[in-house]
Each structure stands twice: as C-alpha cells, then as structure tokens.
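The structure under discussion appears below in the form of structure tokens.
The values are calculated or read from the model by the stated rules, or taken from the named source; none is laboratory data. Bear in mind the structure is a predicted one, so any value in this text is a computation, not a measurement. Note that we place each Cβ from the backbone using ideal geometry, even for glycine, and neighbour counts take in every protein chain shown.
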Amino acid sequence: MGGRGRGDPGIDNGEADKSRRKLEKKNARMGKRRGGKEESRKRKKKKGEEEEGKQNTEEREACGMAGEGSAAAPVVTVSVALPGSIIDNAQSLEMATLLAGQIARAVTIFRIHEVIVFDNKASSDDAVLAENSDNNENGAAFLVKILNYLETPQYLRRSLFPMHNSLRFVGLLPPLDAPHHVRKHEWSAFREGITLEERPLDFSGTLVNVGLSKNVMVEEILEPGVRVTVAMGTSRTLGTDVPKKIVSPFTPLEEMGLYWGYKVRYAPNISSVFKMCPFQEGYDHIVGTSEHGVIVDSSELVIPAFRHLLIAFGGLGGLEECIEEDSDMKGKNVSEIFHSYLNTCPHQGSRTIRTEEAIFISLQYFQEPIKRAVNSLKQQ
C-alpha cells in the first residue's frame, strides 16, 4: 500500500463528491431559510404599513377628515368642561392624582381636543388636599397641572415641569400613549419639541429637542424653554443641515387627521367657559349632562352638524349648582345655557355617579351621535 501524498487529503473522489453534494444541499436549505425570513420580514413590514394606513384613515374619519390633503375636509373639535372642585373632595394627594389620571385617560381615549377646568365654590368640608399640596393651590389648579403634565410627551416633562410636591404620585399613573407621544426609535411626520438655549454654530435659527438622538434646527429665533410642534418633513436627516418647520398644534389634525392631544384651559367660573372660548366662532353646540336631563337613546340622539362641540359636566351638586354659584348666570334656566341637556346614564344602579365616571359613560354615549353629526357636516 502506498502512503498519502502531500496533495492527498485522505478521501477518494466518491467521498469528495458526496461531501460536496451534502454541502450544496445544506447551503440551499440555509438560503431558503434566509429567503423565508426575508419574505416574512417584508410581509410583516407591509402589514404594519397597511395597519398604520388603516389607523390613520379611521382617525381622519373620527375627526371629520375626508382625506389627507383635502381642502374641503371639515375639521371638528370636541371640548369637555368640568369643575375643579371634584379634586377638593379627594381624601389624599394620591387619590387626587389617580382621579386626575382617570380624567386624562378618558379624554385621550375619546380624542377630546380641549379640556376646560372651571372653578366653583363647591368643596367638601373634610377635604385634606390642602395639607398635602401648596396652600394656594386649589383643586382646579391641581387638576390643570396634572392634566398638562400627562398630556406632555415624556421626553419633555423634565424641562417643562420642575419638581413639585403636587407631582409626587404621577409615577403611579398609566401613560396616555397618545399619537404625539412618539417613541425615540419611531419616525413621525410631526413631533413635539422644546426650544433650547444652545444655538447652532452659525447662530441662525433655534435648536429644538424633539426626543430623538440629535436636536433639530428651525429657522425662527425663539426663546429657550418654549414647547413647539415641529413638522419633520420627508427627510430623516437630523441636525442643523436641513431646517425643520414649526407649525400650529392643530396642523397634524388638519393635514392628516391625527389626534394630537388635548389643550387645557382654566376658567374662573362656568360662564367663563363660554366667554373665553378660543375658537373665533365660539362653540356652535353646547351639551349639558345631568341626572335631571332629558333621556334619549344614543341611537336616536340627533346632534346638528357642528364645528366645535362642548360637553359640560357638573360636580357633586351637578351643573345646576355650578350655575347658581356663578353671579353671571344665577337665576338662568339650563335651557338658556345649553342647546341640549341630557341624562346619559338613566336607570343608574347607584344613587350617585362620580364626575370621572360620568365622563367615561357620556363620551361613549356621544360617540355615534357625534359621528352622524360629522358625516352630516361633510355632506353640506
């Protein structure tokens, strides 16, 4: 028997062919797996884009948008007014914070655009909130602060809200997870930001923190610490090379039908809710909710076509008490103030329905009537 030569690995040609065929089959299987994974990834990406498009369409329909970029598409808003005195009846700062969190979740879930917190004299004798918060901060001021805090994207809160005793328990609250609370790894056509003191190298424009890995630049010269809505455009380039544009907070709603959070407004009394309306044409339909209101099934309720709808809630004594305590409205009948005065939860099992409960119940009750009113507006 001869020994192995330097170029002979010790296997014959038949074994080499067999090994090569096995290797080719293995590579083919691996290629199929890689191809399958790539196809699966593409399918998931396509499905995600389709779901995102469907969600945007649903949001446009819910907001009265006929379609993106449609000049004729009507934009409607829904506002909610409630008394700050509901906070005064909380037994502790923690309970008050949880109550405010419930309200924030409710108005976000039902896409409310404006929350008005009005002051009134109604308060509980055994309220202990003042012992846990600033002496000068009443229930209305506390509720305004918590609602504003929760509406603000997480990456802006530290800059806009200094540490304060009234914010001690906000960490217990579930996040709103609204569309404008964009995550760091997500790209969005719009982002909320805060202007920075640091200036670009050429000293033109303003740097804005929008919660991404780099700050962006806008052309306007603005004071630091101002919250702004930034149109990010189609380019995903960050930094100062491609300036971004500051737009109105209503632009995401107007252009894309995106719900972009709620604005919080304080009113010193219930009459100021209407007098200080931020919309030039005012509220064109005002609804009051009360256990003394008219009972109408949601399926039969007709809300006329509107641009700006306001739904008002009372406190422990109802809207009637709030009206009686307002010197500008004292003696007026509810029919002189509200276009509709409704009982949204007839045949209730409990003697009382708390305001935070009434908000959830009523906003669900109004969903279909509002949708019909919006469709009616689109057909005009």
Quiz prompt | Residue list for the range 247-264, restricted to those being assigned to a strand (DSSP E or B) and surrounded by 19 or more Cβ atoms within 10 Å (Cβ to Cβ) | solution = VAL264
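For the range 162-186: of the residues being surrounded by 15 or more Cβ atoms within 10 Å (Cβ to Cβ) and touching a Lys or Arg at 6+ places or on another chain (Cβ under 8 Å), which is nearest to ALA106 (Cα to Cα)?
Per the stated criteria, the residue is LEU176.
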Practice problem: Just need a number here: residues in the range 200-211 that are surrounded by fewer than 21 Cβ atoms within 10 Å (Cβ to Cβ) and within 24 Å of the chain's Cα centre (by Cα). | Solution: 2
Quiz item: Checking ARG157 against (1) at pLDDT 95 or above; (2) surrounded by 13 or more Cβ atoms within 10 Å (Cβ to Cβ); (3) outside the structural domain of SER272 (by TED's automatic domain parsing), which single condition isn't satisfied?
Solution: (3)
Practice problem: Taking TYR341 as the residue in question, decide whether it is among the hydroxyl-bearing types (Ser, Thr, Tyr), in contact with a strand residue (DSSP E or B) (Cβ under 6 Å, 6 or more places away or on another chain) and surrounded by 15 or more Cβ atoms within 10 Å (Cβ to Cβ). | Solution: yes
Quiz item: So is SER350 modelled with pLDDT of 95 or more and assigned by TED's automatic domain parsing to the domain that holds ILE311 or not?
Solution: no
Quiz item: When PRO153 is evaluated against the numbered criteria (1) more than 15 Å from the chain's Cα centre (by Cα); (2) in contact (Cβ under 8 Å) with a residue 40 or more places away in the chain; (3) under 25 Å from GLU356 (Cβ atoms), which criterion, by number, is the only one it fails?
Solution: (1)
Quiz prompt | Filter result for ARG354 (among the basic types (Lys, Arg) and under 26 Å from THR97 (Cα atoms)) | solution = yes
Quiz item: How many of the residues making up the range 278-289 are crowded, with 19+ Cβ neighbours inside 10 Å and either out of contact with any Ser or Thr (no Cβ under 9 Å at 6 or more places or on another chain) or assigned to a loop (DSSP other than H, G, I, E, B) (or both)?
Solution: 1
Practice problem: Tell me which of these GLU357 doesn't satisfy, since it passes every other one: (1) exposed (fewer than 15 other Cβ atoms within 10 Å of the Cβ); (2) without any contact (Cβ under 8 Å) to a residue 12 or more places away in the chain. | Solution: (1)
Quiz item: Does ALA66 meet the test of being touching a helix residue (DSSP H, G or I) at 6+ places or on another chain (Cβ under 8 Å), assigned to a loop (DSSP other than H, G, I, E, B), among the hydrophobic types (A, V, I, L, M, F, W, C) and modelled with pLDDT under 95?
Solution: yes
Quiz item: Under the condition of being among the basic types (Lys, Arg) and not in a strand (DSSP E or B), which residue from the range 167-224 is farthest from THR251 (Cα to Cα)?
Solution: ARG168
Quiz item: Applying the selection to the range 303-333, what residues are more than 18 Å from ILE116 (Cβ to Cβ) and over 27 Å from the mean Cα position of the chain (by Cα)?
Solution: LEU316, GLY317, GLU320, GLU324, SER327, LYS330, GLY331, LYS332, ASN333
Quiz item: Yes or no: ARG105 assigned to a loop (DSSP other than H, G, I, E, B) and modelled with pLDDT of 95 or more?
Solution: no
